[in-house]
Every structure is written in structure tokens, then in C-alpha cells.
Amino acid sequence: FLEQDAFIESYKKFKFIAAIDPYLNETADYFADIVLPACTIEKYEGPMDVTDQYEDATTLRMPPIPPMYQSKGDIDIYLDLCEKADILYGEGGYLDQLNSQLKLKDPYKLDLKTKPASVREIFDRWAKSAGYDEGVAFFEKNSVKVKPIPANKLYAPAWDKPYGGIRQRIYGEGLLKLQQQMQAAGAGEIYWQDYTALSTWREPTMNQSPPKYNLFLTSHKKIEFKQSRATFNALLNEVEPEQRVEMNTKTARTMGIGDGDQVWVESHNAVTGATKRVKAKAQLLEGIRPDTVSMSHHYGFWVHPVAKNGGPTPNSLFFTGEGYVSNTADQSFHVKVQITKA
């Protein structure tokens, strides 16, 4: 994600923030005006399709127990909110959207004038509309419906034309016209340089940083965590309790850095000259390029007592703004860093 400071500043601009979350995380604790407690696994969710490329399966996530304490499932919360906001009923309302998104057929469509008695009823209607005679009870008994993938569906090119059969344009005259308009208006090159009619390579912004910033920073996610939402789980935190800067062994040793040493990671904005730096432990590996270092997400928290001392997030080293955002508002995470022993 983009730099952590930019997130914080953007939240400050909202007049009112409502958070739906199972935990009192940073967003809920620091910025939310109201927190609606959501449950975790004790809710209905789906339908979900899964595959191993040879078999397809459909399943529903079902609550093993009722929601704990004052929490509710997400759909229960949405139903209540939409009713209060007067967008639950009628054409175009939330119930109408459920009928559409779940592809409910008569006689199983939700009545647009009546709030469902439960979320289970919604999924019972979906299951029966999809051909499961027992309704949601089928999944309560069997959990999953598995069927083999037909031979003519095994290989995508046989049934799905590349790009959906759409012919892709090579020359984008509209982009060139936009570039010319910006030039005529006096915009700087940094704003129009990527508006080219033909795909054109240019040096990434980060390569304009001084030579001492000689390492590429990448970020990654660990298999133990769900994005950045589970570091405060005490059991998982025991497995991966802290941030580490993954470095190539040979590169680290030339800098006098050993495994477990504290290091400074400093990034540089090649446009503004601004720098940022964080401190974390080095982890020496053979499986990373000599010119690259990597830090994982999941850290950088300051609210939960289990997670707050885990070290920094790599997001605090990235930049937002000219040179680091593309013409389609995509965020670039291309920064170069220097590593020094702390």
C-alpha cells in the first residue's frame, strides 16, 4: 500500500468515519467516530467457488456458533444500515442488489418490501434457486459440492478467447492528445511523460536517486498472516513476532552486517530529495538477489499490545506523489534504499 503517513493524513480529511471491524485496530481506535463490531468466523459468507484445475467446488462459510458478545455478521450489519438509510427496500435497494448478485430466480427472489428474517434465509433462497433441493441444509450437512471439470473446459484457450476476443489497440491517439493538452497548459514533464501513444520505456523514477541508494526495496506477505490483520493473534505472533530486513548473505557481509544485526533502511525520493528511514533486524538469506532487500507487511502497528512492538511496516518507506503515481492513479512502490548498520 501507499505510505503509511499518507493514509493517516487522508483519514483526517473525513468528517465522519464508521468502521466495521472485529478488532479495535488503528483505523477503528484512532479515526472512527463509531465502531460496529463484526464477528469473525461465526457468520454466513459466500457462495464461494474453488477449484484445483480438475474439479470445481461450491461452498458456503457457515457459523459454527452464534456471533459472540455484541458482534454481528457483515450482512446483518448491512441490512440494518441500509434500512436506517432508507436504501434497503424497493427497486435498486440492497435487497434488489442481493437478488441480482446472487442470481436469484422466482420463486426464490427476496421480497423487495420485506426484510429477511435472517441471513440464513437469504442463503437458503440462493441454494434452492441454484438447484439444491435441500437449500442451505445441503451445505450444513455436506459443506461442499464437488464436480469434475469437463474436458472441453480444462484449457482456457479452448473456451475463452485471449482478452475476451477483444482486439487491443497498439496506438493510443487519445493519450497523445492528452499529453499535448498538458504541454499547451504548461504542465511539467513529470505530469505528461507517461501519456504516450505507443508503449514507451523510460527509466523508473527511483533510478535518479544518488548512487549510495544502491539496493532495490521490495515488500512481501507471509503465509502465516492474512494481509495485515493477524499480527495481533498471539499464537501466530509467536511464529513471526517481528519485522526483518531480508538481505543477500554476500551483500550483507560486505557491509559488515551479520544475521540478527539491527540495521537502518533509508529510502530516497528522487523527485523531492526527501528521505525516510526505519530500523529492523537483518535476516541473511541465499534466496534473494544481491541488489535487493525485502521487508514484509503485517507490522507497523501501535494499538494492540501483542502487535505494537513488532517493528516498522515497509509502507513507511514508500512515497506518494509526482514520479511515484502513474497516469491511471496507480501507486508505484519502486524505491531504492541504502542499508547501514545501526
Requested in this report: In whole Å, largest first, what are the principal axis extents of the Cα atoms in region 45-153?
Outcome: 49, 34, 23
**Report entry** Volume of the Cα convex hull of the chain, divided per residue and given in Å³
**Finding:** 228 Å³
**Report entry** Area projected by the alpha carbon convex hull of region 174-265, averaged over all directions, nm²
**Finding:** 10.5 nm²
Query raised in the report: Out of Val278, Val146, Val245, any idea which swings most in a Gaussian network model of the chain, alpha carbons joined below 10 Å?
Result: Val146
Requested in this report: Report the Stokes-Einstein translational diffusion coefficient (µm² s⁻¹, integer) for region 205-341, Rh taken as the Kirkwood radius over Cα pairs, at 10 °C with viscosity 1.306 mPa s.
Outcome: 102 µm²/s
Query raised in the report: In sequence order, what are the phi-derived ³J(HN,Hα) couplings for region 141-146 according to the Karplus relation 6.51 cos²θ - 1.76 cosθ + 1.60 with θ = phi - 60°, rounded to whole Hz, with x for glycine and proline?
Result: 8, 10, 6, 8, 10, 10
**Report entry** For the chain, size of Cβ-based charge dipole, Lys and Arg +1, Asp and Glu -1, in debye
**Finding:** 620 debye
Query raised in the report: Longest exposed-loop-site-free stretch of the chain, with chymotrypsin sites (Phe, Trp or Tyr not before Pro), DSSP loop and at most 14 other Cβ within 10 Å?
Result: 202-301
Requested in this report: May I ask you to derive the relative contact order of region 205-341, considering only C-alpha pairs under 8 Å and at least 6 residues apart, and to give it as an integer percent?
Outcome: 37 percent
Query - Entries in Lys43/Lys84; Lys212/Lys276; Lys115/Lys226; Lys226/Lys281; Lys161/Lys222 that, when Cα-Cα distance is taken, lie over 24 Å - result: Lys115/Lys226; Lys161/Lys222
Query - Relative contact order (%) - criterion: Cα under 8 Å, at least six apart; region: the chain - result: 16 percent
Report summary line: Among Ala57, Ala252, Ala230, the residue with the largest mean-square fluctuation in a Gaussian network model of the chain built from Cα contacts under 10 Å is Ala57
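Bear in mind that the values in this text are calculations on the coordinates, not laboratory data. Just so it is clear, the model here is predicted, and its values are computed rather than measured. So basically every Cβ, Gly included, is an ideal-geometry build from the backbone, and we count neighbours across all protein chains shown.
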